[in-house]
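Worksheet for the structure shown next.
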Amino acid sequence: MRRLFPFALMLLAACGAGGPSMQLDATQSRSEARQYFGAETRASGGPGEAIGFYSNGCVAGSQQLAETGPTWQAMRLSRNRNWGHPELIDYVQNLSAQVARNTSWAGLYVGDLSQPRGGPMLTGHASHQVGLDADIWMYPPERLNLSEQERETLSSISVRAERGASVNGNWTADHAEVLRLAATDPRVARIFVTTGVKVWLCENVTGDRSWLSHIRPANGHHYHFHVRLQCPSGDRNCQNQPLPQGDGCQEAYDRAERIRNPPPPSPPNNTPPPESPPSGMRVSLGNMPNQCLGLLSGFE
């Protein structure tokens, strides 16, 4: 039988078209939002809308990426994270078709998108909250008929060498082409990759290099690359992440140098850092956009 979280009952009673009109009490405000969004198993109704920021928000009217399509398979189905804004679902499907046409890959193995209503996840991600983030495996698919069990146990491959400063023998020209195809869609804000991938692209890409500005070096991201879309037009409650100026190559070179030759450790600082509200995966209900509270059904 379906059950509502107690505070969600109060929210639903108080919500109008503009979202919740009540104030959370102190206990509710401090509660970790991931406990509630992680319990949602289906999307909300209405049109797709990204609400808030990538690491503090939610998504209304999300769609579920089909578990298997002509040129993709969703991985780790037990997580129920193959949901996203309709723009993201369309992007993944289109990208996988382009990859299948233009590379030796059969398509894409797709990792985490978002939860059915977005929001912070119980494990694994600080972002992926507004339905506009997607993890794409570095593993080149040879077949797209993996069983559900295979999708739980198969591991991706790492393309990292030198602790991330360069790429290893798993990296191929097709990986570079997949990233070019991913980055040249005008909906893309940025794509996170391990530093060595960005360095390789900066050193080897010829011709049109304008898309390199969307490829940003980040810690991790060597088993997958992380696509982030811009806020869709009309989603007025969505907050974009501005792209830095330039192609980002010097930043990548500097990061690689620091990986190879780490600077000496800073002297100890015994001054405690100033307190700040929890963010990312541990954001509290009281620090989330009000519209997100109105999306919580509490059904489990």
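The values are calculated or read from the model by the stated rules, or taken from the named source; none is laboratory data. Everything numeric in this text was worked out from a predicted model, so none of it was measured. Note: ideal-geometry Cβ built from the backbone for every residue, glycine included; neighbour counts use all protein chains shown.
Answer with yes or no whether Asp90 is out of contact with any helix residue (DSSP H, G or I) (no Cβ under 9 Å at 6 or more places or on another chain) and among the charged types (D, E, K, R).
So Asp90 passes the test.
From Pro86, Pro140, grab the single residue that is in contact (Cβ under 8 Å) with a residue 24 or more places away in the chain, under 26 Å from Asn240 (Cα atoms) and not hydrophobic (A, V, I, L, M, F, W, C).
Being in contact (Cβ under 8 Å) with a residue 24 or more places away in the chain, under 26 Å from Asn240 (Cα atoms) and not hydrophobic (A, V, I, L, M, F, W, C) holds for just one of Pro86, Pro140, which is Pro86.
List pairs: first residue in the stretch 217-243 and touching a residue at least 40 places away in the same chain (Cβ under 8 Å) and under 14 Å from Ala183 (Cβ atoms), second residue surrounded by 14 or more Cβ atoms within 10 Å (Cβ to Cβ) and of a type in the set (Ser, Thr, Tyr) anywhere in the structure, Cβ distance under 7 angstrom, at least six positions apart or on different chains.
Arg228/Tyr54; Leu229/Tyr91; Leu243/Ser213
Just checking, does the stretch 269-277 include any residue being within 28 Å of Leu88 (Cβ to Cβ), surrounded by 10 or more Cβ atoms within 10 Å (Cβ to Cβ) and in contact with a Pro (Cβ under 9 Å, 6 or more places away or on another chain)?
no
How many residues does the stretch 54-92 hold that are farther than 16 Å from Pro232 by Cβ and either crowded, with 20+ Cβ neighbours inside 10 Å or not hydrophobic (A, V, I, L, M, F, W, C) (or both)?
19
Hey, among the residues in the stretch 93-107 that are in contact (Cβ under 8 Å) with a residue 60 or more places away in the chain and surrounded by 17 or more Cβ atoms within 10 Å (Cβ to Cβ), which one's nearest to Gln129 (Cα to Cα)?
That would be Leu95.
Select from the stretch 247-268 the residues that are modelled with pLDDT of 95 or more, part of a loop (DSSP other than H, G, I, E, B) and over 18 Å from Arg190 (Cβ atoms) and list them in ascending order.
Passing the criteria: only Asn261.
Given (1) modelled with pLDDT of 90 or more; (2) under 30 Å from Ala33 (Cα atoms), where does Pro272 come up short, assuming only one miss?
(1)
(1) assigned to a loop (DSSP other than H, G, I, E, B); (2) small (Gly, Ala, Ser); (3) surrounded by 15 or more Cβ atoms within 10 Å (Cβ to Cβ): which one isn't true of Ala134, the others all being true?
Here Ala134 meets the rest and fails (1).
Just to confirm my filter: which strands (runs of 3 or more DSSP E) fall fully inside the stretch 25-113 and include at least 1 residues that are among the acidic types (Asp, Glu)?
49-53
Could you tell me which of the residues Ser127, Ser114 is modelled with pLDDT under 95, crowded, with 17+ Cβ neighbours inside 10 Å and closer than 29 Å to Val59 by Cα?
It is Ser127.
Check Arg209 against each of (1) under 30 Å from Gly48 (Cα atoms); (2) charged (D, E, K, R); (3) in contact with an Asp or Glu (Cβ under 7 Å, 6 or more places away or on another chain) and name the one condition it does not meet.
Going through (1) under 30 Å from Gly48 (Cα atoms); (2) charged (D, E, K, R); (3) in contact with an Asp or Glu (Cβ under 7 Å, 6 or more places away or on another chain) one by one, Arg209 breaks only (1).
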